[in-house]
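*Asks:* Let me begin by handing over the structure; questions about it come next.
The values are calculated or read from the model by the stated rules, or taken from the named source; none is laboratory data. Here the structure is a predicted model, which is why all the values come from computation and not from measurement. Neighbour counts run over all protein chains shown; Cβ positions are idealised from the backbone, glycine included. Accessible surface areas use protein heavy atoms only, side chains included; no ligands, DNA or RNA. Shrake-Rupley method; radii C 1.70, N 1.55, O 1.52, S 1.80 Å.
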Amino acid sequence: MAAPAVAARPAVTAVAALARRVPWPSAVAAALVVGYVTLFVLAMVHTGYDTWGALLVLPALMAIGTPVLARVAAANPEKDVFRLLMLAMALKLLCAFPRYLMAFVLYGGAADAKMYHQRGSELALFLDTHSPLSGTFHYDLGMKVAGTGFIIIVTGAVYAITGPSLVGGFLVFSWLGFWGLLLFWRALQIAFPEADSRRYAKLVFFLPSLLFWPSSIGKDAWMMFCLGLTTYGVARLLDRRFGAFLCIALGSLGTGMVRPHVTVLAGAGLTVAYVLRRRPQQVSALGPLRTVLTVVVLGVMVMLMLQQVSTFFGTSGTGGDSVNQVLSETSRRTSQGGSVINQAADDDSPQFSLNPAGLPVAVVSVLFRPFPFEASNVQNLVQSVECFALLVMFIRSWPRLSQVPRWFLRRSYVAFTIVYTLLFCWAFSTINNMGILSRERVQVLPLVLVLLAVPRPDGDRPRVRAHSRPPLWRVQPGQWGGRPTALPGTAGPPGGAVPSGPAPPDPAAAAPASARTPGNRPTQGGSTRP
């Protein structure tokens, strides 16, 4: 019976030796490439370009983003940043698929993405067949450009490059949303270097709402990208870096063409932060004049955006009555469907209170609702779990939040964050539909998470345990029959192999007779322990 076992042993050894010779990383990569090509061929045979076009878009987006992330990681002092960023980008792109399934399987295509895809495909076809230099280059959207029309233009421009692929369009917009999150993270590092950058990165890149909702063709992903660009410009302006106004102008233009009221909120936060920013120790003669001019420019920008908001919502003027009219109309329009939070009034024009005393309730409502007991379906229940977890995280982070007033004056980026958050919660508390609120909330979450990255108080920081002392041998090393242990200050044999040659001298034998008494046993370091 022992002969087969002995004969099988060389075969097992040969298989193990062969397995060690195989370059497993290359083999796994080759298997993935073969599997991807096989999937691509099968998708081309059995599906249309709407589906298999995504298999072309996905690797192209990864190939474009990887070198950019490598440069960002190379300039970052923290370790494993590149791995974290690559994981975040891959996960963000993968979230486009469940977002697509939700829109076209769960809801049967009853989503804005379907309209954007159809109209964007028509615009892409027009762009392919008409040259801008020709005299016939004219396309009628059938609606004003601001708002929905602008997203149709963006979708058409994307399809002119990638082709009209529905799933591919989801991937591109999800990819844009990722770069917005990356810009939020870089803004924190620039304007608030004392913050816990790694903690913020884990929150902003992997919060389920920020992964899921801005991963569809539509306004959410575009707003995430443009708000991130605006915030990045704000950080560069507060830190006196070059290119700040260009980033702010481009980001504000992008948000103003879709949701100008959000641009006004960001402009108000920027104005307060710029006034509170720390002055340099050495101020030039033109410093005060430059500050006044910048504040004037920011004020003019806010007023222009207010006028754009008035035009966008079809109201007259920019006073309190106009704001009340817009917010009340928003409350009435969102008080429909099965996910209503508060039923609207019976009249056609419900009034929304502008009293700031209701701001705490508005903050809780916008950031942490729906509560679990308010969920009316599975989607709301999942969202309520995240909201409850976020609420618990804020409660447990009270030591950090207690430092916010101090950092409000020391780092004006915190002031920008708080002003924008409060204004956003005040304005969007009029939304009475939980589903709409969950999607709209992603426009403020990246800045809300800044509060969870505020440094801990000095006395509340976790203590780093000092390295424990090396263990003291109670008995002679090697007495238990184990491998010989190297003496302190000497390098042990590689791989734990037993060295050949004469055994090292016995420390106990070399010690004086007085040190070998039962009361003074020799230790590893040659010292004695009473």
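*Asks:* Filter the stretch 74-118 down to residues that are in a loop (DSSP other than H, G, I, E, B) and small (G, A, S) and give me whichever is nearest to F205 (Cα to Cα).
*Replies:* A75
A quick yes/no check of all residues on (1) surrounded by fewer than 24 Cβ atoms within 10 Å (Cβ to Cβ); (2) touching a His at 6+ places or on another chain (Cβ under 8 Å); (3) among the acidic types (D, E); (4) not in a loop (DSSP other than H, G, I, E, B):
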position: G228; (1), (2), (3), (4): no, no, no, yes
position: Y232; (1), (2), (3), (4): no, no, no, yes
position: R236; (1), (2), (3), (4): yes, no, no, yes
position: F242; (1), (2), (3), (4): yes, no, no, no
position: F245; (1), (2), (3), (4): yes, no, no, yes
position: S252; (1), (2), (3), (4): no, no, no, yes
position: T263; (1), (2), (3), (4): no, no, no, yes
position: A268; (1), (2), (3), (4): yes, no, no, yes
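*Asks:* Mind listing just one residue for me: the one in the stretch 127-156 that is hydrophobic (A, V, I, L, M, F, W, C) and open to solvent by 50 Å² or more (accessible area, probe 1.4 Å) and, of those, nearest to I217 (Cα to Cα)?
*Replies:* Among those that are hydrophobic (A, V, I, L, M, F, W, C) and open to solvent by 50 Å² or more (accessible area, probe 1.4 Å), it is I153.
*Asks:* Now a separate question. Considering only the stretch 182-212, how many residues are assigned to a loop (DSSP other than H, G, I, E, B) and crowded, with 24+ Cβ neighbours inside 10 Å?
*Replies:* Residues in the stretch 182-212 being assigned to a loop (DSSP other than H, G, I, E, B) and crowded, with 24+ Cβ neighbours inside 10 Å: 1 in total.
*Asks:* Under 9 Å between Cβ atoms, which residue pairs at least 6 apart in sequence (or on different chains) link something in the stretch 69-85 that is over 17 Å from W179 (Cα atoms) with a partner that is among the basic types (K, R)?
*Replies:* If the second residue must be among the basic types (K, R), the pairs left are E78/R198.
*Asks:* Right, another one. Of everything in the stretch 405-424, what is over 20 Å from the mean Cα position of the chain (by Cα) and open to solvent by less than 20 Å² (accessible area, probe 1.4 Å)? Give them in sequence order.
*Replies:* W407, S412, A415
*Asks:* Among the candidates L367, L437, single out the residue that is over 22 Å from A103 (Cβ atoms) and either in a helix (DSSP H, G or I) or modelled with pLDDT of 95 or more (or both).
*Replies:* It is L367.
*Asks:* So for the stretch 102-119 (the condition being surrounded by fewer than 12 Cβ atoms within 10 Å (Cβ to Cβ) and in contact (Cβ under 8 Å) with a residue 40 or more places away in the chain), does at least one residue qualify?
*Replies:* no
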